[in-house]
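Undergrad: Just dropping this structure here.
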Amino acid sequence: IVRLALSVQRQVGSHLNATAFNLALKDGKGAGQPVPHLHLHVVPRTAGDLAVNDEVYGRIDRWSPAGEPNVVPPMVLPPDEARAPRSEAEMAAEAARYVYVRGERGPPLPAPVLFGRFELAPTQVFYRSEAGLSLAVVNLKPLSPGHVLVI
C-alpha cells in the first residue's frame, strides 16, 4: 500500500504541482474509518493551501464516500502540557518489549539516529528494515500508549 501511495504521489503531484502530501491510513472503526476496508488517503498539498495547516486532518476524518460527513469516535487525549517527555530508559524499555514480540531488531544501528532536527537514541528503535532506510521508533511524547513512528 505504501509503494502504491508513493507512485500515486508522483503521478498526482506532477499533474497538480503539489509540493507536499498528507497520508492518512484508516484501519478500523475506532480510527474513524467510514468504509470497512483498510484505506490510505493521499492528499496533495501546497504551501498556504489551508489557513490552519492541521485542518487537513479534520477534513480527512469528516470525509465520507456517502456525501454525509463521517462522524469520528471521540479520542480522549491528555493536553500536550500534561505529556512530559519520557526518559531514554523508559523509551528503551518500550522498544525492548516490541523487539521481544517481533523476535529481532534488525541490523545494528548507528548512533545517534537523526529524525529531522531530532536526535533519537538507538535504544528508541525497535525495527530497522534490511536496507536500513526505514525505522520504527518509540515516541518521546506519545499521544496514547503504543503511539510509535515509522520513519
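The values are calculated or read from the model by the stated rules, or taken from the named source; none is laboratory data. A quick note: this is a predicted structure, and the numbers were derived from the prediction, not measured. Because the Cβ atoms are built from the backbone with ideal geometry, glycine has one as well, and the counts that use them run over all protein chains shown. Please note that ligands, DNA and RNA were not included when accessible areas were found on the heavy atoms of the full protein model with its side chains. Shrake-Rupley method; radii C 1.70, N 1.55, O 1.52, S 1.80 Å.
Undergrad: Can you say whether Val150 is open to solvent by 70 Å² or more (accessible area, probe 1.4 Å), touching a residue at least 12 places away in the same chain (Cβ under 8 Å) and under 13 Å from the mean Cα position of the chain (by Cα), as far as the supplied structure shows?
TA: Judged against the criteria, Val150 is a match.
Undergrad: Out of (1) open to solvent by less than 100 Å² (accessible area, probe 1.4 Å); (2) in contact (Cβ under 8 Å) with a residue 12 or more places away in the chain; (3) more than 18 Å from Leu143 (Cβ to Cβ), the odd one out for Asp61 is which?
TA: (3) is the only condition that Asp61 fails.
Undergrad: Within the range 113-130, can you find the residues that are open to solvent by 30 Å² or more (accessible area, probe 1.4 Å), part of a loop (DSSP other than H, G, I, E, B) and modelled with pLDDT of 80 or more?
TA: Gly116, Arg117
Undergrad: Name the residue that is farthest from the chain's Cα centre (by Cα), counting only residues in the range 27-40 that are open to solvent by less than 50 Å² (accessible area, probe 1.4 Å) and either over 19 Å from Glu68 (Cβ atoms) or at pLDDT 90 or above (or both).
TA: Gly28
Undergrad: Same structure, new question: In this structure, is Pro36 in a loop (DSSP other than H, G, I, E, B), over 21 Å from Leu77 (Cβ atoms) and either without any contact (Cβ under 8 Å) to a residue 24 or more places away in the chain or touching a helix residue (DSSP H, G or I) at 6+ places or on another chain (Cβ under 6 Å) (or both)?
TA: Against the criterion (in a loop (DSSP other than H, G, I, E, B), over 21 Å from Leu77 (Cβ atoms) and either without any contact (Cβ under 8 Å) to a residue 24 or more places away in the chain or touching a helix residue (DSSP H, G or I) at 6+ places or on another chain (Cβ under 6 Å) (or both)), Pro36 qualifies.
Undergrad: Output the number of residues of the range 62-100 satisfying the condition of being in a loop (DSSP other than H, G, I, E, B) and closer than 18 Å to His147 by Cα.
TA: Selection size over the range 62-100: 12.
Undergrad: Would you pick out the residues in the range 131-146 that are over 17 Å from Glu81 (Cβ atoms) and open to solvent by less than 70 Å² (accessible area, probe 1.4 Å)?
TA: Of everything in the range 131-146, those that are over 17 Å from Glu81 (Cβ atoms) and open to solvent by less than 70 Å² (accessible area, probe 1.4 Å) turn out to be Gly132, Ser134, Leu135, Ala136, Val137, Val138, Gly146.
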